[in-house]
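Down below is the structure, laid out as structure tokens.
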């Protein structure tokens, strides 16, 4: 499965594009990514697990974003905005899992046609957006994060989901030590080898996330929060 649409998405407007259209909003350009699905499935799927901190069901209340959802990812200090929805499936306070459908693509708010507007802001430790004066009201280009989440991290997730459950703990292993240092609690699988684009990786599932690393690059371990 792909994200934010199940069969993949076509990018119709990138971050920072068309500055002339966004001057009236005090923006230096487009403050997110615009997508349409590659098939008929218009459901929008969460690109990352997190907590719903805002859900606007009224397009008038949502103004330019129309019906929209904002999801906070505490582990990575990220706020995701899913805008211009036709329908919202979640409520404020809900815990949302990666790949969970959260709404239907639509054309509510300020649009020129049906699409998903995906926005990303970084936050401080308390979840408050930062860099509000960056010319994009704190929004940053989501493309590198989306690419990672739909590429390597998807491969790690697919391989982890197919793994056998809990194996004996190796408390000297780099992945196990990283997981403990980051509060991911107990391991649920042994180390899982997999290959992505010809490169070898190792993943391991813990209670609160999936840890993965390129073989040999032990100082650059990553994790995907559950």
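Quote the FRET efficiency, to the nearest 0.05, computed for residue 23 versus residue 190 with a Förster distance R0 of 41 Å and r equal to the Cβ-Cβ distance. Could the numbers behind the result be given before it?
Values: r = 55 Å, r/R0 = 1.34.
The computed FRET efficiency comes out at 0.15.
Along each principal axis of its Cα atoms, how long is the stretch 1-74 end to end? Whole angstroms, biggest number first, please.
Dimensions of the stretch 1-74 along the principal axes of its Cα atoms: 37, 27, 26 Å.
For the chain, what does the convex hull of the Cα positions come to per residue, in cubic angstrom?
On the way: hull volume 29.8 nm³, N = 226.
Expressed per residue, the convex hull around the Cα atoms of the chain is 132 Å³.
Determine which residues of the stretch 59-95 fall in the zone a paramagnetic label at residue 137 would reach in this model, i.e. backbone nitrogen under 17 Å from the point 7 Å along Cα→Cβ.
Backbone N within reach: 59-71, 79-85.
By how many degrees, 0 to 90 and rounded to 10, does the Cα axis of helix 152-161 deviate from the longest principal axis of the chain?
That works out to roughly 60 degrees.
Using helices alone, what [θ] at 222 nm do you get for the chain, with -39,500 (n - 2.57) per DSSP H run of 4 or more residues, divided over all residues and rounded to the nearest 500?
-3500 deg cm²/dmol
Taking the Cβ of each residue in 121, 112 as the centre, tally the other Cβ atoms inside 10 Å and list the residues starting with the fewest.
Working: 121 25, 112 10.
Arranged by neighbour count, lowest to highest, 121, 112 become 112, 121.
Considering all alpha-carbon pairs of the stretch 9-142, what whole percent are spaced by more than 25 angstrom? Please report the intermediate quantities before stating the final value.
Details: 1737 of 8911 pairs.
Of the Cα pairs, 19 percent sit more than 25 Å apart.
Once you have the Cα-Cα distance between residue 182 and residue 61, take 0.36 nm times their residue separation minus that, and quote the gain in nm to one decimal. Could the numbers behind the result be given before it?
On the way: separation 121, 0.36 × 121 = 43.56 nm, distance 3.85 nm.
Length difference between fully extended and current span is 39.7 nm.
What full-extension length gain, to one decimal in nm, is calculated for residue 12 and residue 200 as 0.36 nm per residue of separation minus the Cα-Cα distance? Write down the numbers at each step before the final one.
On the way: separation 188, 0.36 × 188 = 67.68 nm, distance 3.31 nm.
Gain on extension, residue 12 to residue 200, equals 64.4 nm.
Consider a paramagnetic label point 7 Å from the Cα of residue 125 along Cα→Cβ; state which residues of the stretch 40-77 have an amide N under 11 Å from it.
Correct set: none at all.
By count of other Cβ within 10 Å, fewest leading, how are 186, 34 ordered? Write down the numbers at each step before the final one.
Values: 186 13, 34 22.
So the ranking, lowest neighbour count to highest, is 186, 34.
Choose one answer from 30, 196, 84: the residue with the largest mean-square fluctuation in a GNM of the chain with alpha-carbon springs under 10 Å.
196
Most exposed first by the Cβ proxy, i.e. fewest other Cβ within 10 Å, how do 80, 218, 176 rank?
On the way: 80 25, 218 14, 176 19.
Ascending Cβ contact count within 10 Å gives the list 218, 176, 80.
Antiparallel DSSP bridges in the chain: what percent, to the nearest 5? The partial results should precede the final answer.
Numbers: 52 of 52 bridges.
Within the chain, antiparallel bridges account for around 100 percent of the total.
Only the coordinates and a few stated rules stand behind these numbers; no lab work does. Bear in mind that the values here come from a model prediction, so they are computed numbers and not experimental data. A quick note on method: Cβ atoms are made from the backbone with ideal geometry, for glycine too, and the neighbour counts reach across all protein chains shown.
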